[in-house]
Ligand SMILES: [Zn+2]
């Protein structure tokens, strides 16, 4: 039995409808495990990684670097976001647009 294969039409369709967001690959220069970045405290996520706020307060790691770099300080070997977090409950106006996220959430 032969396995099903994606033909050229699927590849073309995927490239036509791609979102155009390039993955962040800072520090990735060759083979091997991906580089991780240590964070501490809640912090903003890069838009390429869904944006929003990572709510974890303990030390933890991500594959993305601190973005924008100027908003972060080195806190004993971990990146800490210095921006103020704002709490919201449900949809609300945000930066000239409308955030439709239900429930409690944060923005930087
Ligand atoms: Zn995080």
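What follows is calculated from the coordinates using simple rules that are stated; it is not laboratory data. Not measured: the values here are computed from a predicted model. Please note: Cβ atoms are built from the backbone with ideal geometry, for glycine as well, and neighbour counts cover all protein chains shown.
Points worth noting:
- Shape category assigned to region 33-107 from the gyration tensor of Cα positions, a/c cut at 1.5: prolate
- FRET efficiency estimate (nearest 0.05) - Cβ-Cβ, residue 36 to residue 88, R0 25 angstrom: 0.25
- Cβ-Cβ FRET estimate between residue 75 and residue 49, R0 fixed at 30 Å, reported to 0.05: 0.90
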